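The values are calculated or read from the model by the stated rules, or taken from the named source; none is laboratory data. All of these numbers come straight from a predicted model, not from anything done at the bench. Please note: Cβ atoms are built from the backbone with ideal geometry, for glycine as well, and neighbour counts cover all protein chains shown.
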Ligand SMILES: [Zn+2]
């Protein structure tokens, strides 16, 4: 089975993940997409994909392939989780959770080998343009959570040694201070939520505003760059 095992028969472009992982074991599920629409009382029910969902799906796969282009080892690890990476796309609006959840537009949950990414299809396609001003790239944000959660959800990337970890914590503190004292930084206030969110926002900034990050905080830029482009 290819990295993205689609439930629908719609043949999109050739799976972008195959460009990073041309030879994936047959027993690795890859990215498995499911689609939900709001039913009665806003309860979500699984349905067929809409055209928008298929576009969102392709955008997610393309973005993941870009971000992990130099980390086939990580992509392989994700694709070869027991159930792969389940991606749930919420189609349209009117879900009950949409009102209740502080941040419904993207969510990552990992329990053991069960990894689930949830997205609002609209946010994937049209987000990061001012509606939710703190979100620059919901795909990168949730992907970073997923990578962080692979070892533990501590806001520290796997494989960092003690020295790198210390450098990261010092540099992170400097950005916290900037955010709290209204000094210029490409980071956004959502990063102050906790260590895990800081890392996810940092990944967004690295991928969306790399020059600004390099200028504002060369240590954080170098750590991100070393991780994504070893
Ligand atoms: Zn987050």
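Of all residues in segment 182-209, which are over 17 Å from residue 157 (Cβ atoms) and surrounded by fewer than 18 Cβ atoms within 10 Å (Cβ to Cβ)?
Residues of segment 182-209 that are over 17 Å from residue 157 (Cβ atoms), as a first pass: 182-186, 188-190, 192-193, 208-209.
If the condition is that a residue be over 17 Å from residue 157 (Cβ atoms) and surrounded by fewer than 18 Cβ atoms within 10 Å (Cβ to Cβ), then 182, 183, 184, 188, 189, 192, 193, 208, 209 are the ones that fit.
The residue of segment 207-225 that is farthest from the ligand (Cβ to nearest atom), among those that are in a helix (DSSP H, G or I) and in contact (Cβ under 8 Å) with a residue 60 or more places away in the chain, is 223. When every residue of segment 187-204 is checked against the conditions, none turns out to be more than 21 Å from residue 70 (Cα to Cα) and away from the ligand (no atom under 15 Å from the Cβ).
Of all residues in segment 66-77, those being surrounded by fewer than 20 Cβ atoms within 10 Å (Cβ to Cβ) and touching a helix residue (DSSP H, G or I) at 6+ places or on another chain (Cβ under 8 Å) number 5. So, in segment 78-95, of the ones that are exposed (fewer than 15 other Cβ atoms within 10 Å of the Cβ) and at negative phi, which residue ends up modelled with the lowest pLDDT? Filtering first and then ranking leaves 93.
When you go through 141, 229, 145 one by one, which is the residue that is in contact with a helix residue (DSSP H, G or I) (Cβ under 9 Å, 6 or more places away or on another chain) and touching a residue at least 60 places away in the same chain (Cβ under 8 Å)?
Answer to the check: 141.
Can you work out which of the residues in segment 145-166 that are within 16 Å of the ligand (Cβ to nearest atom) and closer than 13 Å to residue 223 by Cβ is surrounded by the most Cβ atoms within 10 Å (Cβ to Cβ)? In this case the residue turns out to be 157.
Of the residues 171, 121, only one is in contact with a strand residue (DSSP E or B) (Cβ under 6 Å, 6 or more places away or on another chain), touching a residue at least 40 places away in the same chain (Cβ under 8 Å) and over 20 Å from residue 75 (Cα atoms); which? Step by step, each of 171, 121 is checked, and only 121 is in contact with a strand residue (DSSP E or B) (Cβ under 6 Å, 6 or more places away or on another chain), touching a residue at least 40 places away in the same chain (Cβ under 8 Å) and over 20 Å from residue 75 (Cα atoms). One residue alone among 143, 157 is within 17 Å of residue 117 (Cβ to Cβ) and either under 22 Å from the mean Cα position of the chain (by Cα) or assigned by TED's automatic domain parsing to the domain that holds residue 115 (or both), and that residue is 143.
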